[in-house]
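J.: Sharing a structure, written as structure tokens. Questions coming.
Since every read-out is calculated from the coordinates, none of them should be taken as a lab result. What you see is a predicted model, and the numbers here were worked out from it, not measured in a lab. Methodologically, a virtual Cβ is constructed for each residue, glycine included, from the backbone with ideal geometry; neighbour enumeration extends over all protein chains shown.
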Amino acid sequence: MTRLRVAFAGPHVTFQDSGRLGRMRYGVPASGPMDRKAFAIAQSIFANPPDAAAIEVSLGGLSLDCVEGHVTFAVVGGGFIVQIGARRLGAWAVHTLHQGERLVIRPGPWGSWTYLAFAGDLVAPQWLGSSATHGPSGLGGGTLAAGQEVIVQDARVAPTLEGSIPCPIWARPRRVIHAVLGPQDRFFSAESLEDLATQPFHLTNAYDRMGVRLRGPSLTPEGALSIPSEPILRGSVQVAGDGLATVMLADHGTTGGYPKIATVVSDDLDGFVQLRPNDAVRFKLVLAPQAVALARQGDKALRAYLNRPR
Amino acid sequence: MALYRPIADHAMLVEFGTAISDASHAQVLALDQALSANPFAGFREATPAFVNLLVDFDPIITDHAEVEAHLRCLADQPLTPRTPVTWQVPVCYENAPDLDEVARRTGLSTDAVIAAHLAGDYRVFLYGFAPGYAYMGGLPEAIKLDRKTTPVRGVPAGQIIIAGTMCLITTLVMPTGWWIIGRTPTRVLTGEETRPFLFDVGDHIQFHRVSQAEFEALP
């Protein structure tokens, strides 16, 4: 067993597994990692099962003291800075933490989320069979806080895995994201649809695991303020009465009465969440069959990466 | 006639109407039931709402056209919705923070507000907002009010809240702009592994009144 103690945790640093699926009908979104590809890569290094937990680190950063034992770990996602004691290392690498050492993860040149995965079984509370944390309620694994102990059972040291791992081009932030119009695009003027497809938008500071509000042209819906609540998905581009668009993310509400002008394709969401507040983003509208093709292309690239010869 | 709207790369929204009605919701539930009995390869989950059913699928396995064909086939067959369960939910109306204000705004006595609330015929239309927040339609017109202009923070679990034609039982400590008219020991988030959510969409709820002493004596 390896015992770590949280010396510092910024906001929105949580335990996550690959997600709590199939409970949307009860008001529970999947949650799970914001960047699902980075999470999958991190867990694949140690051949951890899909329901294994890792720690999602936000721009707030995380410091862990190794109180007892030792463990090999990976930090994957974003261009974060990783330090063990005075040794400054990067993300996209595998290292070993020993008793008495402090691991610090903090934001670097790019990215908003990174994943700390362990060679071993990271112990995290579960809710409905998953340790994915639903941020607004705190249900699931939970949010990390200073003073808390983090336990890795059956922790291993795996020197052969140590070293840097390649950061594929598709894991970088995406400034152009594909989206399919709808399902409530009928409530928007031709001008608003044109603005969505052609104008730049910017991420704002109103950015958490539930979603990110965008700054950009006003997309005021017409006569849609009283539509019956409809299901929401990760990637829904919801427009409130003030004309501001919000892209719904991992901890999204499951239903809502604001119209959704478009929905971002799943393959682009991982790169989208690695943008930061004030970064520009553009929507590229595609039809549903093209969106499916993008999903398959993205999946193929991820699988080729995970199966690369090492 | 149902409308099939593709969403991104991984979902279809099947729409049975534009305004909330029992008929549209019955069609939503019937398709939901048929789909759960006859899922297709790549089906992930379905989410029922007031007038539409969201069907989420794995785009690596299937696509919108195949899913639409499967759903149309299901919709063509006679759909028999599940027989809903009726749940009895005790409510204590004593010391409810907004009962007097609801009475003032509706021009009723507090007893008349309570009587109206108890007389409602409630049905779960959908879940939303937060885990376990079951939106129950059927609140009588006499106590229909718009939401408060400013939400109240930190409202605990187990509160009976109303707004518009809807009633909810809170399950978590969350903010709400709805009117708090009572509380119940009934927990929609049951904490039980086999039935973590008490109600299914489509279930009926009947409220009955309990005194403060009875409320405190309930488990």
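J.: Sequence neighbours fewer than 8 away in the same chain don't count; with that in mind, list the lysines whose C-alpha is under 19 Å from A:LYS300.
T.: A:LYS37
J.: Something else about it: For n ≥ 4 DSSP H runs only, could you compute -39500 (n - 2.57) per run for chain A, divide by its residues and tell me the 222 nm figure to the nearest 500?
T.: Mean residue ellipticity at 222 nm (helix-derived): -4500 deg cm²/dmol.
J.: Right, another one. Take peptide B:127-138, look around each residue's Cβ out to 10 angstrom, count Cβ atoms belonging to other protein chains, and average those counts.
T.: Other-chain Cβ atoms within 10 Å of each residue's Cβ, averaged: 5.
J.: Residue by residue through region A:2-16, which ³J(HN,Hα) values in whole Hz follow from phi under the Karplus form 6.51 cos²θ - 1.76 cosθ + 1.60 (θ = phi - 60°), with glycine and proline marked x?
T.: 10, 10, 10, 10, 6, 8, 7, 9, x, x, 6, 9, 9, 6, 9
J.: If amide H atoms are built 1.01 Å from N in the plane of the peptide, which residues on other chains or at least 5 residues away come under 5 Å of the amide H of A:ILE165?
T.: A:ALA93, A:VAL94
J.: Here's a follow-up. Relative contact order for chain B using alpha-carbon pairs under 8 Å, separation at least 6, rounded to a whole percent?
T.: About 20 percent, as a whole number.
J.: Continuing with the same structure: For Cα pairs less than 8 Å apart in space and 6+ apart in sequence, what is the mean separation divided by the residue count of chain A, i.e. the relative contact order in percent?
T.: Here the relative contact order equals 20 percent.
J.: If you project the alpha carbons of chain B onto the principal axes, what extent comes out on each, in Å, largest first?
T.: 56, 36, 32
J.: Hey, what angle do you get for helix A:288-306 against the long axis of chain A, alpha-carbon based, 0 to 90 degrees rounded to 10?
T.: On a 0 to 90 degree scale, this one is about 10.
J.: What whole-number distance in Å separates the alpha-carbon centres of region B:1-37 and region A:81-146?
T.: Region B:1-37 and region A:81-146 have Cα centres separated by 40 Å.
J.: Then there is this: So if I place +1 on the C-beta of Lys and Arg and -1 on the C-beta of Asp and Glu, and nothing else carries charge, what would the dipole magnitude of region B:86-217 be about its Cα centre? I want it in debye, nearest 20.
T.: Approximately 340 debye in magnitude.
J.: What does the charge count near A:ALA291 come to, summing +1 for each Lys or Arg and -1 for each Asp or Glu among other residues with Cβ under 12 Å from its Cβ?
T.: With Lys, Arg at +1 and Asp, Glu at -1, the neighbours total -2.
J.: Would you tell me the mean number of C-beta atoms belonging to other protein chains that fall within 10 Å of each C-beta in A:284-297, as a whole number?
T.: For peptide A:284-297, the averaged partner shielding equals 4.
J.: Once you compute Rg and the Kirkwood Rh from C-alpha atoms, what is the Rg to Rh ratio for the protein assembly as shown?
T.: 0.99
J.: Using the Cβ atoms and a cut-off under 12 Å, what net charge is assigned to the surroundings of A:ALA117, where Lys and Arg are +1 and Asp and Glu are -1?
T.: Here the charged neighbours net out to -3.
J.: Let me ask something else about it. Give the residue list of GluC sites (Glu not before Pro) in region A:153-196 that are DSSP loop and have at most 16 other beta-carbon atoms within 10 angstrom.
T.: Here the GluC sites (Glu not before Pro) that fit, given the DSSP loop and packing criteria, are A:GLU162.
J.: Other chains' Cβ within 10 Å of A:250-256 residues: what's the mean?
T.: Whole-number average of other-chain Cβ neighbours for A:250-256 is 4.
J.: Ranked highest first by average number of other Cβ atoms within 10 Å, how do A:85-97, A:34-46 line up?
T.: A:34-46, A:85-97
J.: DSSP loop GluC sites (Glu not before Pro) in region B:132-209 with at most 14 other Cβ atoms within 10 Å of their Cβ, which ones?
T.: Taking region B:132-209 and a limit of 14 other Cβ atoms within 10 Å, the loop GluC sites (Glu not before Pro) found are B:GLU192, B:GLU193.
J.: Here is a further query. Scan around A:LEU89 for amide H atoms under 5 Å from its own, H built in the peptide plane at 1.01 Å from N, and keep only partners 5 or more places away or cross-chain.
T.: HN-HN under 5 Å from A:LEU89: A:VAL82, A:GLN83, A:ILE84.
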